[in-house]
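First comes the structure, then the notes that go with it.
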Amino acid sequence: MNFNVKNDTFLRALLRQPTEYTPLWMMRQAGRYLPEYCATRKRAGSFLNLCKSPDMATEVTLQPLERFPLDAAILFSDILTVPDAMGLGLYFAEGEGPKFERPLRTEADVMALRVPDIGKDLKYVTDAVSQIRKSLNGSVPLIGFSGSPWTLGCYMVEGGGSDDYAKVKTMMYKEPALMHHILSVTAEAVTLYLNAQIEAGAQAVMIFDSWGGALSHGAFHEFSLAYTQRIVDGLIKEKDGVKIPSIVFTKGGGLWIDSIANIGCDAVGLDWTMDIGIARQKVGHKVALQGNIDPTVLFATPEVIRNEVEKVLSSYGYGSGHVFNLGHGISQFTNPDNAAALVAAVHELSRKYH
Ligand SMILES: Cc1c2[nH]c(c1CCC(=O)O)Cc1[nH]c(c(CCC(=O)O)c1C)Cc1[nH]c(c(CCC(=O)O)c1C)Cc1[nH]c(c(C)c1CCC(=O)O)C2
């Protein structure tokens, strides 16, 4: 298949086609560990202004690729743009992370929730996608993304981050119909949103279920995975004769890897807690795997990084179907030289497995 990009290693690996080496990108590769990111963010005035300006979003998307020979670009945005477009009023309190002015607390709040007008309220995102595609000029593929309905629901009900997810889990147990309503409206919004990103030029999409791991076994399947599956079912699978692969990443989802691999996605993202070789045995030929080095490894030395890279590569073993990544986002306190060491180690050490 012709993917219309010079470096199609990432797309091939997602579809488990042969490659010469293991491709990689890093979650949150455009972020505060890069001084050039901090400079653009300062110019933008705030993180949200940065997301909402297609010019600046394009600029920061490309920054990590100028430094490192990464095999994919990821749209610079945030998962919380969707609830923001649904009217919840996203803002970032300095040092406290994301917050919503109007969280969903009452039945009336929940019943008033509407699928946003993607073409209008999230136009700044699809504009960024087209502009990034133009600037990449066919070098590497562009990944689009969204949060899973459960993870977005966590922020929408809690009104921000949380240590225990007590509010959203209480709603889930006490008022399951309300929770299902939130998830169902959000799943519809996310499906339209990801398809709009694909129409604008995203060549693969990733669904971040960052808080799926906070759930019990039964609740994960009923309140998280079922809605991620609805999205995957509704995604555009092919555009202009080219496949658009999808990746589902559930942080803390190692226990459920078999069920996640069964929802029709092309790849499953793994955090660092699970051995990727064991994960591969469990999913067989069903999906590709993306992951899963502990991002904290990047605080060590280039020698340690090389050793840890080799461990992940050898655990995955021979053949295609592996996209190397961190098990979660890169920390803002990472030395960019260590990120460079990681990229070089993956490219060099992975050749013998292909
Ligand atoms: C849960 C979640 C969010 N956002 C996201 C998730 C899912 C992934 C995960 O589990 O981490 C996804 C996300 N957020 C961001 C990206 C950009 C693309 C990339 O380079 O990977 C992506 C894919 C930029 C960002 N999103 C955010 C930053 C830092 C903001 C800044 O510049 O001040 C970046 C670069 C802000 C954000 N956005 C969110 C939080 C909790 C925070 C605060 C984090 C912090 O302060 O460290 C919500």
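From the residues in region 327-354 that are within 16 Å of the ligand (Cβ to nearest atom) and in contact with a strand residue (DSSP E or B) (Cβ under 7 Å, 6 or more places away or on another chain), which one is nearest to Trp272 (Cα to Cα)?
Out of the qualifying residues, it is Gly327.
Which residue, of Leu152, Leu142, Leu90, is modelled with pLDDT of 95 or more, more than 18 Å from the chain's Cα centre (by Cα) and either surrounded by 18 or more Cβ atoms within 10 Å (Cβ to Cβ) or within 10 Å of the ligand (Cβ to nearest atom) (or both)?
Exactly one residue qualifies, and that residue is Leu90.
Here are the criteria: (1) within 17 Å of Met206 (Cα to Cα); (2) in contact with a helix residue (DSSP H, G or I) (Cβ under 9 Å, 6 or more places away or on another chain); (3) more than 9 Å from the ligand (Cβ to nearest atom). Tell me which single one Tyr21 does not satisfy.
Looking at each condition in turn, Tyr21 falls short on (1).
Quick check on region 27-45: of everything there that is more than 8 Å from the ligand (Cβ to nearest atom) and part of a loop (DSSP other than H, G, I, E, B), which residue is surrounded by the fewest Cβ atoms within 10 Å (Cβ to Cβ)?
Here the residue is Gly45.
I'm trying to understand the selection: among the residues of region 309-354, which are in a helix (DSSP H, G or I), of a type in the set (Gly, Ala, Ser) and farther than 21 Å from Arg280 by Cβ?
Listed by number, the residues that qualify are Ala339, Ala340, Ala341, Ala344.
Count, please, the residues in region 128-157 that happen to be within 19 Å of Lys251 (Cβ to Cβ) and part of a helix (DSSP H, G or I).
Residues flagged as within 19 Å of Lys251 (Cβ to Cβ) and part of a helix (DSSP H, G or I) within region 128-157 amount to 9.
Return a yes/no flag: does region 164-181 have any residue that is more than 16 Å from the ligand (Cβ to nearest atom), surrounded by fewer than 21 Cβ atoms within 10 Å (Cβ to Cβ), within 24 Å of Cys265 (Cβ to Cβ) and of a type outside the set (S, T, N, Q).
yes
Helices (runs of 4 or more DSSP H) wholly in region 48-127 with at least 1 residues that are under 30 Å from Asp337 (Cα atoms) - which ones?
Of the helices (runs of 4 or more DSSP H) lying wholly inside region 48-127, those with at least 1 residues that are under 30 Å from Asp337 (Cα atoms) span 54-67.
List pairs: first residue in region 2-15 and under 19 Å from Ile247 (Cα atoms), second residue modelled with pLDDT under 95 anywhere in the structure, Cβ distance under 7 angstrom, at least six positions apart or on different chains.
Filtered contacts from region 2-15: Leu11/Phe3.
Could you say whether any residue in region 326-333 is more than 18 Å from Ala30 (Cα to Cα) and surrounded by fewer than 20 Cβ atoms within 10 Å (Cβ to Cβ)?
Among the residues of region 326-333, not one is more than 18 Å from Ala30 (Cα to Cα) and surrounded by fewer than 20 Cβ atoms within 10 Å (Cβ to Cβ), which makes the answer no.
Of all residues in region 277-308, which are part of a helix (DSSP H, G or I), more than 21 Å from Pro245 (Cβ to Cβ) and more than 21 Å from the chain's Cα centre (by Cα)?
Gly277, Ile278, Gln281, Phe299, Pro302, Glu303, Val304, Ile305, Arg306, Asn307, Glu308
When residues of region 187-206 are filtered for being within 16 Å of Arg133 (Cα to Cα), more than 13 Å from the chain's Cα centre (by Cα), assigned to a helix (DSSP H, G or I) and not polar (S, T, N, Q), how many remain?
4
For Lys52, which of the numbered conditions (1) away from the ligand (no atom under 14 Å from the Cβ); (2) out of contact with any Pro (no Cβ under 7 Å at 6 or more places or on another chain); (3) more than 20 Å from Cys154 (Cβ to Cβ); (4) in contact (Cβ under 8 Å) with a residue 24 or more places away in the chain fails to hold?
All conditions are met except number (1).
Among the residues of region 124-145, are any in contact (Cβ under 8 Å) with a residue 60 or more places away in the chain, farther than 27 Å from Lys52 by Cβ and among the aliphatic types (A, V, I, L, M)?
Within region 124-145, none of the residues are in contact (Cβ under 8 Å) with a residue 60 or more places away in the chain, farther than 27 Å from Lys52 by Cβ and among the aliphatic types (A, V, I, L, M).
Counting only residues that are surrounded by fewer than 24 Cβ atoms within 10 Å (Cβ to Cβ) and of a type outside the set (Asp, Glu), which one in region 10-24 is nearest to Ile132 (Cα to Cα)?
Within region 10-24, the match that is nearest to Ile132 (Cα to Cα) is Arg12.
Given (1) among the charged types (D, E, K, R); (2) within 21 Å of the chain's Cα centre (by Cα); (3) outside any helix (DSSP H, G or I), where does Asp233 come up short, assuming only one miss?
Here Asp233 clears every test but (3).
What is the one condition in (1) aliphatic (A, V, I, L, M); (2) more than 8 Å from the ligand (Cβ to nearest atom); (3) buried (at least 22 other Cβ atoms within 10 Å of the Cβ) that Leu80 does not satisfy?
(2)
Please list, ordered by first then second residue, the pairs with beta carbon atoms under 9 Å, 6 or more apart or interchain, first in region 237-254 and without any contact (Cβ under 8 Å) to a residue 12 or more places away in the chain and of a type outside the set (Gly, Ala, Ser), second in a strand (DSSP E or B) and crowded, with 23+ Cβ neighbours inside 10 Å.
From region 237-254, the pairs are Lys237/Ser246.
Determine which member of the set Leu70, Leu15 is within 21 Å of Gly327 (Cβ to Cβ) and modelled with pLDDT of 95 or more.
Leu70
For residues in region 239-267 being part of a loop (DSSP other than H, G, I, E, B), among the charged types (D, E, K, R) and within 19 Å of Gly327 (Cα to Cα), which is nearest to the ligand (Cβ to nearest atom)?
Within region 239-267, the match that is nearest to the ligand (Cβ to nearest atom) is Lys251.
The values are calculated or read from the model by the stated rules, or taken from the named source; none is laboratory data. Source: prediction; values computed, not measured. Please note: Cβ atoms are built from the backbone with ideal geometry, for glycine as well, and neighbour counts cover all protein chains shown.
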